[in-house]
Every structure is written in structure tokens, then in C-alpha cells.
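The values are calculated or read from the model by the stated rules, or taken from the named source; none is laboratory data. Computed from a predicted model, the values in this text were never measured in an experiment. All Cβ positions, even for glycine, are placed from backbone atoms using ideal geometry, and neighbour counts span all protein chains on display.
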Amino acid sequence: MLLPIATRLANLLQVNQSQVESTISLLDDGATVPFIARYRKEATGGLDDSQLRILAEKLIYLRELDERRDTILNSIQEQGKLTPELEAAIYAADNKTTLEDLYLPYKPKRRTKAQIAKEAGLEPLALFILENQDVDPLNEASKYLNPEKNIATVQDALDGAKFILLDVFSENAELLANLRNRFTNEGLITAKVVDGKEESGEKFTDYFNHQELVKNIPSHRALAILRGNNEGFLTISVEYPEQHVLARGELSSYEVEVVNKFEIADGLAASKFLLDCVKLTWKAKIYPSLETEAISNMREKADEEAIKVFATNLHALLLQAPAGSKTTIGLDPGIRTGVKVAAIDNTGKLLTTTTIYPFTKSRDEAMMAIHKLAKAVNAELISIGNGTASRETEQLVRDIIKQYPDVTAQVVVVSEAGASVYSASEFASKEFPDLDVSLRGAVSIARRLQDPLAELVKIDPKSIGVGQYQHDVNQTRLANSLSNVVEDCVNAVGVDVNTASAPLLARVSGLNTIIANNIVAYRDKNGKFSNRQELTKVTRLGDKTFEQCAGFLRINDGSNPLDKSAVHPESYTLVTAIAEKLSVPIEQLIGNNQLLNTVKANDFTGLGYGLPTIQDVLKELDKPGRDPRGEFKTVQFKDGVNEIADLQVGMELDGVVTNVANFGAFVDVGVHQDGLVHISAIADKYVANPNDVLKVGQIVKVRVEEVDVKRKRIALTMKGLNKLNIPTSAKPSGQAPRNNNPRNNVSDAGNSMAAAFAKLKRV
């Protein structure tokens with residue numbers, strides 16, 4: 001019989017069943033992944049947020065599988081066709097594909113030719129010929145003539161029997177599983193250019209005559225081929241190795257498997273009829289089905305990899321180190337429309353805005369305006385968007401600093417991706433109803449330097465542009481994945497409840513847009529929160545929500561010193577006990593490393609707290625409100641290199657990683673066009689996955705290998721220029737893709753589930 005879901009999940013994820021059972025209970029009770037990961041380690045055995053998300057995803061899959069299993073069993077039972085063997089096979093099915101294969105012969109169908117033939121009474125004829133191959137099909141068919149059922153001739157009867165046998169051959173679950181397994185391993189994804197589209201489809205040149213094993217194709221190539229097909233430039237198919245080398249009339253090895261499965265002999269009276277049925281079954285039913293399924297699986301796998309890459313890049317981008325609470329001037333560069341300027345104070349509050357025109361009017365006037373503003377607000381940072389005219393604007397600011405030594409602000413170029421989306425958003429309209437849309441972008445550029453996470457959460461993650469083929473993948477899955485990343489990042493850092501925006505608060509564990517807006521409304525009406533307990537006065541923020549969110553919300557300078565830490569209110573009693581044992585006030589305990597080192601966690605397990613919780617509390621008391629984001633660093637682009645035409649082969653430059661993909665990484669070197677460091681050019685050693693070595697926002701040294709100004713392509717290398725921590729990986733072997741323009745084979749990233757759980761030992 002069917003094992004419980006918790007048992008199956010434990011076996012699948014290779015963890016103890018008790019961990020799974022506890023996690024399922026917490027999830028079903030409404031607990032969020034960030035809350036479970038941080039505050040319920042005793043229950044989960046220390047599963048982290050990545051592992052918990054995989055478990056939650058698999059839990060949904062298995063529940064859907066079991067629901068479908070029940071539906072199928074009921075359907076077959078109602079038909080009176082459920083045998084003990086079939087029931088056992090259905091219970092043993094561990095995936096949706098196997099389950100649907102078993103159901104195929106019993107699945108209600110539209111009125112097909114086979115169904116019509118069965119209604120005409122031809123099923124006994126078909127099965128008799130299959131089981132008695134020495135009989136003459138013509139003689140047997142003559143016994144089934146029935147003009148009233150449109151079976152007027154022997155050929156009509158044989159045609160009906162043929163359609164029935166096509167269903168018999170194509171609906172055998174065991175046979176389908178074997179053929180699918182072979183096709184999955186041997187199938188060759190084949191792309192060809194559509195006649196007459198060679199010129200208009202030039203960007204797909206690499207795939208005009210391309211073929212490789214469908215099981216090995218990396219996500220970026222799969223998505224490129226699928227896009228070329230969708231846009232009408234490429235035709236795609238999945239071929240099998242012997243497809244074009246068979247002699248006329250010769251059976252393929254796949255057809256031979258069908259023959260062997262149904263024990264069809266050669267040289268008997270019914271052999272030709274049955275072999276013709278096999279050929280038609282393969283050509284019209286099994287092969288098209290396997291091909292469609294292979295392409296669908298390729299798309300799904302490519303989607304999964306692309307979404308994973310996007311999520312990894314977004315995670316790195318959101319957790320970039322903040323410049324901190326400093327007065328900042330944001331510059332949104334433009335030539336004809338001018339440079340939009342916004343100054344904000346150290347809390348992100350807008351001070352003033354203006355527009356300067358250094359490239360179309362007076363450069364001197366623009367310099368004087370920025371100088372005057374920088375002095376007026378005592379600017380500590382100047383943040384410049386990296387779009388059109390960014391290098392020219394950066395040079396303008398550096399000239400100002402040279403000319404006016406009293407301007408000491410640090411100059412930083414930041415990504416402006418999504419700034420225009422924020423500018424036109426409903427939230428921006430509410431925050432700055434009287435401010436021109438173009439100037440709102442400058443505010444965003446300034447704020448994202450102060451705190452990238454707090455600003456970027458206001459933007460749809462899909463608009464930030466750190467993914468590959470993001471518009472081609474499943475949009476629902478992409479949105480869910482990116483939403484999880486944002487949630488994990490926000491809760492990893494924590495949120496100041498007295499300064500956070502509603503979009504930032506909405507990403508806190510247990511909160512949503514409505515409650516976040518209620519928190520802001522309460523804050524606006526009553527002033528700052530003085531302690532965490534006051535949150536329970538907010539409309540719709542009940543006990544369960546408080547439990548989920550309290551540990552992630554910070555209150556600085558409040559009435560309780562623990563409220564500015566990640567210690568959950570449910571553990572305040574523990575902290576009080578520790579302080580009492582040490583005979584010090586809680587205020588003197590926080591941050592006192594010397595005193596905390598004398599505490600033995602085991603001494604407090606009798607209070608009802610588990611050892612992991614006690615250890616976490618002690619770590620948090622040692623460094624309260626610690627920020628997991630790294631040290632703030634900036635890149636200095638090379639002077640005089642402002643456009644792609646300024647690049648020369650051999651030139652060494654500093655750059656910042658803007659995007660990491662399975663095939664390499666894109667690096668901004670300050671010329672308005674990112675260069676590509678192919679996976680083979682990242683290091684002298686073999687790199688299996690660029691994400692193991694590089695992340696978005698990382699500053700690296702690169703050397704120019706090739707420049708194509710016309711096509712705006714820059715090839716870079718990092719070999720010998722950086723100290724990188726590269727995991728040891730075996731270099732893959734296997735069949736390389738075939739096409740007119742061979743490319744390096746890119747190994748797929750490891751299976752996400754296995755990777756996430758590999759580090760977890762059974763507890």
C-alpha cells in the first residue's frame with residue numbers, strides 16, 4: 001500500500017521522517033519558511049530556508065499526485081476494470097507520468113476511430129488476430145461484416161481492427177516507460193533554419209543546423225532554440241539516432257521493442273498486417289507523443305535552470321552591501337532630456353530635485369549646480385545610474401570634485417535597472433504625487449545606494465533584469481521563485497519597523513500588503529513603535545501574525561533593548577534567566593562577548609528551550625542585529641574608456657559582475673555594453689558552474705579578448721587576474737553538440753534538490 005507522504009518525502013530528501021513530519025505540521029499551521037528556518041530548528045533538525053522550500057515544493061507535488069491517484073482509482077473502479085495487479089501498480093507510481101501511463105487505457109476518450117470500431121464489435125477481431133497470428137486476417141475479418149455499423153467490406157473490418165490495435169500497442173504502460181527511457185537518453189534535439197529566413201533570423205545563426213542530445217542541452221541553448229522556433233525562424237524536432245539510416249521498410253529498434261512486447265512473429269499469415277500496425281503505431285502515435293513530451297520536458301528543465309539562475313542573481317543583488325545612512329545625491333543620466341538630480345537625507349527622505357543639462361547647454365552651469373547642491377546638503381555619496389551617458393556624467397562629477405575640493409562625496413555608479421518601473425508605480429505615485437515621473441527615478445538611484453534591499457523590494461523582481469530569457473520561461477513559476485528570494489533576503493537582514501516602507505514590510509514573515517499598510521498608518525498616526533508588543537495594536541495583526549513577524553522586525557532606541565535584535569519575544573524569558581544567572585542587567589549582557597563566553601548553553605535547557613535556540617540566542621546577544629551583507633565596495637572604471645570603441649584587445653580593466661548565467665558571466669566595464677566572460681575564461685582551473693565562483697555585484701579584473709563594435713559584443717577573460725575560490729569538480733565527458741558554428745559544451749548545474757540537501761547529515 002501507499003506509504004505516508006512524510007515517509008516518502010524523508011526517503012526522497014534523505015532526512016529523518018521526524019524532521020519532515022514536524023515541518024509539514026508547521027507549514028500546514030501557517031508558518032512561513034523564514035520563521036521555521038530561524039526559530040524552529042529543534043523541530044526541523046536545522047533545515048535551512050533552501051531545504052525547507054524544496055520540501056514545501058515536493059509536499060505540494062506529492063499531495064497533488066495522491067489526489068490524482070485517488071481520482072484515477074475511482075474512475076477505473078467505476079468502470080469495473082480495477083484488478084489487484086493494476087491497483088498495486090497505481091499505488092507504486094511515484095510520479096505523474098507513470099500514473100498517467102497506467103490510466104491511459106482506461107481514460108475516457110473522445111469518439112476516436114478505435115472507439116467507433118469497438119462500438120461496431122471489432123475488438124474481438126483485433127485481439128483474436130493478435131493472439132492467433134497464424135490465421136488469415138482477411139478470412140477472420142469476413143466474419144465481422146455489419147453494414148448497419150458501416151462495416152460493409154472486409155477492408156472496413158481490418159481497418160477497424162487496425163485502429164484498435166494502435167491503441168493496444170500505444171497504451172501499454174510498461175512498453176511506454178521503456179521507450180520513453182530510451183528516447184530520453186538517445187533523443188537528439190534538432191534545429192534547422194526556415195527556408196528564406198536566413199537573413200532575418202541572423203541572431204539564431206548558431207542554430208541554423210544544430211543537433212545535440214536533448215538530455216544534455218544547457219538551458220540557455222534550449223531557450224534560444226525555443227525562442228527561434230516561436231519567432232518563426234527555426235524548425236525543431238527530436239530525432240532518434242537511426243532515424244535517417246534505416247533501409248526502406250526496415251523496422252527501427254523502437255518498433256522492434258513493440259514487436260517483442262506483443263510477441264509478433266515473422267512469416268505467419270497475420271505477420272504483415274500486425275507489423276504494419278506496429279509501424280503506424282510508432283509513426284502516428286508513440287513517436288509524436290514522445291517527441292512532444294521530450295520538447296516539453298526540455299522546456300521545463302530549461303525553465304527550471306533559467307529561473308534558478310535568475311533567483312541566484314537576484315539573491316546576490318538584494319544582499320549587496322549597503323553604503324549606509326548617508327546623505328546622497330542621485331543622478332539619472334540623460335543627454336537630450338538632461339540629468340535628473342535628487343538629494344536625499346540619511347534616512348532616504350527627499351530633500352530636493354532639479355535637472356541639469358551638461359551635454360546640451362552649459363557644462364559649467366551644471367557643475368556649479370551640483371557643487372552648490374553638494375555643499376547645501378553636505379553630500380556624502382553621489383550615486384549615478386549606469387544607463388545612457390553614465391560615464392560622461394561620472395566624468396562630470398569627478399571634474400567637479402577636482403575643481404571644488406570642498407566636495408568630498410564618494411562617487412558610485414549603480415545599476416538603474418527597474419528605476420523607470422518604480423517611477424511609474426502606484427507606490428511611487430503615492431509617495432511623490434507632485435514629483436515628475438522622471439525625477440522619481442533619480443530618487444530611486446540615490447536610495448538603492450544607501451540600501452539596495454530596501455529600495456529594490458519596491459520593484460517587480462522581473463524588472464530588475466538579472467536573468468536569462470526571463471520572458472520565455474514560465475511566468476508563474478518565475479514570479480513564485482523570485483518572491484521567495486525577496487522574502488528570504490528581507491528576513492535574513494531584518495526590517496526597522498519605524499522607518500521601513502510598506503513594500504518592505506509586506507515581505508516580512510507573516511505580513512502582507514494590507515497589514516504592512518496598516519503598520520505604516522498606525523505609525524503615521526501614533527508615532528514610532530516603542531516596543532514589539534505594541535505591534536499587536538495594529539489592525540489585523542493578531543497573535544499568529546505576531547509570532548511569525550516579531551523576530552524579523554527591529555525597534556531601535558525602544559523601551560526593550562532586545563527589540564533591536566533577532567531574538568524572538570518568545571525567548572525573552574530565556575535572556576532574562578541568563579542575565580539573572582550572571583547578575584547583570586540585560587543591557588550589559590548585549591554585545592558583551594567576554595561575559596557571554598562564560599555561558600554554557602546546556603545550563604538552560606531545563607527552561608523548555610532546545611539547544612539550537614539557546615545557541616542562536618547567545619550568538620545574537622553577542623552581535624545583535626547583525627547584517628549578513630558584506631562590506632561596501634565600489635568599482636573604479638578606467639579613465640578614458642567610456643564607449644565600446646575605446647576598448648582595445650589586451651586592455652586590463654576593473655569591472656562589476658552584472659549577471660551570472662550557466663555559460664558564463666556578464667561584466668560591466670563602463671562602456672554601456674556588458675562584456676561576456678565565458679565559463680571557460682573565468683579561471684585557469686575548470687569551473688563547473690559560474691555561480692560557484694561569481695555573484696552579481698562582485699568586483700573583478702578582466703582582460704579584453706575580442707571586441708565587435710558593430711554587433712556590440714565584448715569577449716573578456718578573467719584568467720590569471722583574480723584570486724577565486726573554485727570548488728573541485730570533475731570535467732564532464734560526453735557527446736558535444738553538432739552545428740555549423742560549434743560552441744563549447746556547458747555543463748548543467750547540479751540538481752537543486754540534491755545540492756540543497758547534500759550538506760545535511762541525518763540527525
I'm trying to understand the selection: among the residues of region 202-215, which are out of contact with any strand residue (DSSP E or B) (no Cβ under 7 Å at 6 or more places or on another chain) and surrounded by 18 or more Cβ atoms within 10 Å (Cβ to Cβ)?
206, 215
Restricting region 623-640 to residues that are free of Cβ contacts under 8 Å to residues at least 40 places away in the same chain and within 22 Å of residue 676 (Cβ to Cβ), the one surrounded by the most Cβ atoms within 10 Å (Cβ to Cβ) turns out to be 638
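Conditions (1) in contact with a Leu (Cβ under 8 Å, 6 or more places away or on another chain); (2) closer than 30 Å to residue 567 by Cβ; (3) modelled with pLDDT of 95 or more; (4) among the basic types (Lys, Arg), marked per residue:
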| site | (1), (2), (3), (4) |
| --- | --- |
| 16 | no, yes, yes, no |
| 19 | yes, yes, yes, no |
| 33 | yes, yes, yes, no |
| 36 | yes, yes, yes, no |
| 44 | yes, yes, yes, no |
| 49 | no, yes, no, no |
| 60 | no, no, yes, no |
| 64 | no, no, yes, no |
| 72 | yes, no, yes, no |
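So in region 1-49, with the set limited to residues that are small (Gly, Ala, Ser) and assigned to a helix (DSSP H, G or I), which one is farthest from residue 92 (Cα to Cα)?
For region 1-49, the residue satisfying everything is 37.
Do we have residue 331 as farther than 16 Å from residue 224 by Cα, assigned to a helix (DSSP H, G or I), among the aliphatic types (A, V, I, L, M) and touching a helix residue (DSSP H, G or I) at 6+ places or on another chain (Cβ under 8 Å) here?
No: the conditions fail for residue 331.
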Within region 603-639, can you find the residues that are part of a helix (DSSP H, G or I), basic (Lys, Arg) and touching a Leu at 6+ places or on another chain (Cβ under 7 Å)?
none
Residue 102 being surrounded by 17 or more Cβ atoms within 10 Å (Cβ to Cβ), of a type in the set (A, V, I, L, M) and at pLDDT 95 or above:
yes
Inside region 390-435, can you point out the residues that are out of contact with any helix residue (DSSP H, G or I) (no Cβ under 9 Å at 6 or more places or on another chain) and touching a residue at least 40 places away in the same chain (Cβ under 8 Å)?
390, 391, 392, 393, 394, 395, 410
Residue match in region 215-226 (condition: modelled with pLDDT of 95 or more and among the hydroxyl-bearing types (Ser, Thr, Tyr))
no
Only one of (1) assigned by TED's automatic domain parsing to the domain that holds residue 212; (2) surrounded by fewer than 17 Cβ atoms within 10 Å (Cβ to Cβ); (3) of a type outside the set (A, V, I, L, M, F, W, C) does not apply to residue 291, and that is (2)
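If we only count helices (runs of 4 or more DSSP H) wholly inside region 460-566, which ones have 1 or more residues that are aromatic (Phe, Trp, Tyr) and crowded, with 17+ Cβ neighbours inside 10 Å?
Numbers: elements: 475-493, 502-505, 513-526, 543-549.
Result: 513-526, 543-549.
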Positions within region 394-414 being under 19 Å from residue 327 (Cα atoms) and over 35 Å from the mean Cα position of the chain (by Cα), in sequence order:
397, 398, 400, 401, 404, 405, 406, 407, 408, 409
Working carefully through the options 373, 331, 319, 350, find the one that is at pLDDT 95 or above and under 31 Å from the mean Cα position of the chain (by Cα).
319
Quickly run through region 128-144 and pick out the residues that are more than 18 Å from residue 155 (Cβ to Cβ) and free of Cβ contacts under 8 Å to residues at least 24 places away in the same chain.
131
Kindly indicate the residue of region 216-253 that is surrounded by fewer than 21 Cβ atoms within 10 Å (Cβ to Cβ) and among the hydrophobic types (A, V, I, L, M, F, W, C) and also farthest from residue 184 (Cα to Cα) among those meeting that condition.
247
Unmet criterion (only one of (1) in contact with a Gly (Cβ under 8 Å, 6 or more places away or on another chain); (2) of a type outside the set (Phe, Trp, Tyr); (3) at pLDDT 95 or above) for residue 433
(1)
Which numbered condition residue 158 fails, given (1) surrounded by fewer than 17 Cβ atoms within 10 Å (Cβ to Cβ); (2) at pLDDT 95 or above:
(1)
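Which ranges mark the helices (runs of 4 or more DSSP H) fully within region 56-160 that have 1 or more residues being within 27 Å of residue 9 (Cβ to Cβ) and of a type in the set (D, E, K, R)? Before the answer, list the steps.
Numbers: elements: 84-92, 96-103, 113-119, 123-131, 137-141.
Result: 84-92, 96-103.
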Checking 485, 473, 508, 466 in turn, the sole residue that is closer than 28 Å to residue 557 by Cβ and among the aliphatic types (A, V, I, L, M) turns out to be 508
Could you tell me which residue of region 355-389 is surrounded by the most Cβ atoms within 10 Å (Cβ to Cβ), considering only residues that are of a type in the set (S, T, N, Q) and touching a residue at least 12 places away in the same chain (Cβ under 8 Å)?
383
Single unsatisfied condition, residue 710 versus (1) farther than 30 Å from residue 393 by Cβ; (2) assigned to a loop (DSSP other than H, G, I, E, B):
(1)
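Quick grid of which residues meet (1) aromatic (Phe, Trp, Tyr); (2) under 30 Å from residue 309 (Cβ atoms); (3) surrounded by 18 or more Cβ atoms within 10 Å (Cβ to Cβ):
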{"position": "402", "(1), (2), (3)": "no, no, no"}
{"position": "410", "(1), (2), (3)": "no, no, no"}
{"position": "416", "(1), (2), (3)": "no, yes, yes"}
{"position": "423", "(1), (2), (3)": "no, yes, yes"}
{"position": "426", "(1), (2), (3)": "no, yes, no"}
{"position": "446", "(1), (2), (3)": "no, yes, yes"}
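Residues to consider are 668, 692; find the one that is buried (at least 16 other Cβ atoms within 10 Å of the Cβ) and either without any contact (Cβ under 8 Å) to a residue 24 or more places away in the chain or in contact with a Pro (Cβ under 6 Å, 6 or more places away or on another chain) (or both). Reasoning before the result, please.
Numbers: 668 fails: either without any contact (Cβ under 8 Å) to a residue 24 or more places away in the chain or in contact with a Pro (Cβ under 6 Å, 6 or more places away or on another chain) (or both).
Going through 668, 692 in turn, just one is buried (at least 16 other Cβ atoms within 10 Å of the Cβ) and either without any contact (Cβ under 8 Å) to a residue 24 or more places away in the chain or in contact with a Pro (Cβ under 6 Å, 6 or more places away or on another chain) (or both): 692.
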Note down all Cβ pairs under 6 Å where the first residue falls in region 574-599 and is in the same structural domain as residue 561 (by TED's automatic domain parsing), the second is in a loop (DSSP other than H, G, I, E, B) and modelled with pLDDT under 95, and they're at least six residues apart or on different chains.
590/624
Select from region 198-233 the residues that are in contact with a helix residue (DSSP H, G or I) (Cβ under 6 Å, 6 or more places away or on another chain) and either aromatic (Phe, Trp, Tyr) or farther than 27 Å from residue 181 by Cα (or both) and list them in ascending order.
204, 207, 228, 233
Scanning region 254-299 for residues that are free of Cβ contacts under 8 Å to residues at least 24 places away in the same chain and in a helix (DSSP H, G or I) gives 256, 259, 260, 272, 283, 288, 292, 296
Of (1) on the phi > 0 side of the Ramachandran plot; (2) within 25 Å of the chain's Cα centre (by Cα), residue 226 fails just (1)
